[in-house]
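The values are calculated or read from the model by the stated rules, or taken from the named source; none is laboratory data. Quick caveat, the model's predicted, so the values are computed rather than measured. Reconstructed Cβ throughout: ideal geometry from the backbone, glycine too, with neighbour counts over all protein chains shown.
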Amino acid sequence: MSRKPRIAVIMDENTSVDATRYDMTKNYFVAIHKAGALPYGIPYFMDMVETVVNEFDGFVNVGGRFAFPDEWFIDGQVSKAPQSERLAVELALMRGFLERDKPVLGICNGMQVLAALHGCRLSPDIRAMSPHIMEHDKRGHEHSVAITQNTLLSRLVNERELTVNTFHREAVVELSDGVVASARAQDGVIEAIEIPSRRFALGVQWHQELFAKQDHPGNAIFRAFVQAAERS
């Protein structure tokens, strides 16, 4: 019997209260397990990073709300979110997996980190940038995204459009040369990115894990991620 790939999933925390608890949906673990891998939650201890990067086959950087460095944002903008000790650990994990070309999947916050590490810039309040931008920070709401053709994402989902959820205030607004926008909302907001120079480095702005128990075409993302991890 072949060994199932082991996936490192950084834990989220309750930054909206007092940041004293790891706090996240079980759906991340459900989605990874249904895709054929073994998910493990990773806490915020820097001395664990090297072991995790060396011994795990892939990394999922999950959603969360906390402050990013000022230089990640467009000029004159800074984060309005609380500070977190998570950032240093997730940056070290993300860099470690990318350097070894092991698969990386970024979801919401995780997509923004993946983008910023490759030279993209963010807005801390995407709706304030233009009156035509819809409300993206709206739990229970769904909208469509157009998939950019001839991208990794388009090959995975085999669809021109997906219906996704939306829980974000921050967003990627400036792309670097090494990053491709592989999905956009109707208002032009970037909803997915990928790093073509890596074997599998994909970020989605929506929470695909919340569709894990449904028949949703985007669940192919988790299956492809796990398949890439099998080859790590």
**OP:** Hey, can you tell me all the residues within the stretch 14-63 that are under 20 Å from the mean Cα position of the chain (by Cα) and part of a helix (DSSP H, G or I)?
**Re:** 27, 28, 29, 30, 31, 32, 33, 34, 49, 52, 53
**OP:** Go through the residues of the stretch 5-14 one by one and say whether even a single one is among the acidic types (Asp, Glu) and without any contact (Cβ under 8 Å) to a residue 12 or more places away in the chain.
**Re:** no
Original post:
Can you tell me how many residues in the stretch 156-189 are part of a loop (DSSP other than H, G, I, E, B) and surrounded by fewer than 16 Cβ atoms within 10 Å (Cβ to Cβ)?
Top reply: 9
Original post:
Would a scan of the stretch 210-232 turn up a residue that is touching a Cys at 6+ places or on another chain (Cβ under 7 Å) and surrounded by 24 or more Cβ atoms within 10 Å (Cβ to Cβ)?
Top reply: no
**OP:** Kindly indicate whether any position in the stretch 30-49 is at positive phi and either in contact with a Lys or Arg (Cβ under 8 Å, 6 or more places away or on another chain) or modelled with pLDDT under 95 (or both).
**Re:** yes
**OP:** Inspect the stretch 203-226 for any residue being among the β-branched types (Val, Ile, Thr) and closer than 18 Å to residue 6 by Cβ and give the result as yes or no.
**Re:** yes
Subject >> Search result, residues across the stretch 126-149 that are under 18 Å from the mean Cα position of the chain (by Cα) and assigned to a loop (DSSP other than H, G, I, E, B) >> reply: 136, 148
**OP:** Could you please give the count of residues in the stretch 58-79 that are surrounded by fewer than 18 Cβ atoms within 10 Å (Cβ to Cβ) and within 19 Å of residue 21 (Cα to Cα)?
**Re:** 1
**OP:** Just give me the residues in the stretch 94-106 being under 13 Å from the mean Cα position of the chain (by Cα) and either touching a residue at least 40 places away in the same chain (Cβ under 8 Å) or surrounded by fewer than 17 Cβ atoms within 10 Å (Cβ to Cβ) (or both), in sequence order.
**Re:** 103, 104, 105, 106
Original post:
Mind checking which pairs have a first residue in the stretch 64-79 that is under 11 Å from residue 122 (Cα atoms) and a second that is of a type in the set (D, E, K, R), Cβ under 6 Å, 6 or more apart or different chains?
Top reply: 74/121; 78/70
**OP:** Answer yes if at least one residue in the stretch 107-123 is modelled with pLDDT of 95 or more, surrounded by fewer than 15 Cβ atoms within 10 Å (Cβ to Cβ) and either touching a Phe, Trp or Tyr at 6+ places or on another chain (Cβ under 7 Å) or within 18 Å of residue 182 (Cβ to Cβ) (or both), and no otherwise.
**Re:** yes
Original post:
Within the stretch 17-24, can one find any residue that is touching a helix residue (DSSP H, G or I) at 6+ places or on another chain (Cβ under 8 Å) and either more than 24 Å from residue 198 (Cα to Cα) or of a type outside the set (Val, Ile, Thr) (or both)?
Top reply: no
Subject >> Residue among 91, 114 that alone is without any contact (Cβ under 8 Å) to a residue 60 or more places away in the chain and out of contact with any Ser or Thr (no Cβ under 9 Å at 6 or more places or on another chain) >> reply: 91
Original post:
Just checking, how many residues over the stretch 153-183 are under 16 Å from residue 118 (Cβ atoms), of a type in the set (Val, Ile, Thr) and in contact (Cβ under 8 Å) with a residue 40 or more places away in the chain?
Top reply: 3
**OP:** Go through the stretch 80-131 residue by residue and tally those that are within 21 Å of residue 193 (Cα to Cα) and of a type in the set (S, T, N, Q).
**Re:** 3
